[in-house]
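First comes the structure, then the notes that go with it.
Just so you know, all these numbers are worked out from the coordinates, no wet-lab data involved. A quick note: this is a predicted structure, and the numbers were derived from the prediction, not measured. Every residue, glycine among them, receives a Cβ derived from its backbone with ideal geometry; neighbour counts consider all protein chains shown.
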Ligand code: TYM
């Protein structure tokens, strides 16, 4: 029996990187799942507050993110969709796991090292404990539901390797197989890059709004952002992420937004487009992205207005997630001697 679990931070409208790198795969897994597969998708609001959030803004983002998960095609009758903080077992298991988590290992996490390097003091003196222990909460997320498979983009691979270590460590310490180390499913579109700085990944937190395509962007906004995307001075088309990150990112976006069906890979796609100008490529990419985003945007607008339905769905999801989590929490507490 399979249990699929994944999460996304409700820190704004998801961008095309989130969609191609993760959300699209969540929906595909749901639609292809056999009846005995459990699917659990969480809006990880406790992770969101590892960076200071404005409370009114966070509440709004939580609602919008929930509507977005439905708009992309997740079906609450088939998938359990819930806000992480509605299921207290996540935080409870995190505490228990943090008592066995090594600070040395946590200190080597890329996300933490990036933040320490960019903090003003350099030594990380002002950095928060919650940010440091972020991966332990993520481990608790997947372990509490006994996930067998976790679909994510490439940037989450290290966190999930940590989760496996935590599970194995717990089992070694307390005996038996109380926790189940899950498998990471890295999506084919593992790293979609920023349109403005194509050597960096597309991210929700980047200051330049033109660096990301949002799932709520209008057709014009999509055209404008892609037109302005940074490429290079070579007028021809070729796929070479190392030497030509901008053009290659556009080919990636084109490939994973639809052309995947007709071409083996991005190299073949680039060959097919030989003779096109960069301008023509951008127009093609914009059209393809609009075809993906427009129906999602329309569903999102409709769903967002039905507050009662959204609340009912979140309530129902939380209840199911609580049941799923309870089983593991009890066996963990028993193993540790808490009861
Ligand atoms: P988050 O909210 O940053 O991103 C959600 C998902 O989107 C993927 N992603 C990308 N994929 C390709 N290209 C990009 N530019 C890009 N940007 C983001 C991420 O890999 C992710 O799959 N820590 C997690 C949330 C989390 C979680 C979990 C995930 C909490 N608990 C348990 C899986 C299992 C995060 O911040 O994702």
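For region 134-227, dividing the convex hull volume of the Cα atoms by the residue count gives 116 Å³ per residue. Region 213-246 and region 133-208 have their alpha-carbon centroids 28 Å apart. Once Rg and the Kirkwood radius are both taken over the C-alpha atoms of region 1-101, their ratio Rg/Rh works out to 0.99. Find, to one decimal place in angstroms, the Kirkwood hydrodynamic radius of the chain, where the mean of 1/r is taken over every pair of different Cα atoms and then inverted. That comes to 21.2 Å for the chain. By the count of neighbouring beta-carbon atoms within 10 Å, fewest first, 66, 300 end up ordered 300, 66. Divide the volume of the convex hull around the Cα atoms of region 216-302 by the residue count and you get 84 Å³ per residue. Look at 159, 305, 272 and count the other Cβ atoms within 10 Å of each Cβ; fewest to most, that gives 305, 272, 159.
Projected label points at residue 284 and residue 154, each 7 Å from Cα along the beta carbon direction, are separated by 2.3 nanometres. Result for the chain in a Gaussian network model with C-alpha springs under 10 Å: among 80, 261, 96, the largest mean-square fluctuation is at 261.
In a solvent-free Debye calculation with one equal scatterer on each Cα, what is log10 I(q)/I(0) for region 120-182 at q = 0.21, 0.23, 0.26 Å⁻¹, listed in the order of the q values? With no solvent term, the Cα-only Debye profile gives -0.83, -0.93, -1.07. The DSSP beta bridges internal to the chain are antiparallel in roughly 10% of cases. Across the chain, the mean sequence separation of Cα contacts (distance under 8 Å, 6 or more residues apart), normalised by length, yields a relative contact order of 22 percent.
Among 139, 71, 308, the largest mean-square fluctuation in a Gaussian network model of the chain, built with springs joining Cα atoms closer than 10 Å, belongs to 308. Contact order for region 216-302, expressed relative to its length and based on alpha carbon pairs under 8 Å spaced 6+ residues apart, stands at 40 percent. Ranking of 52, 244 by neighbouring Cβ atoms within 10 Å, starting from the fewest: 52, 244.
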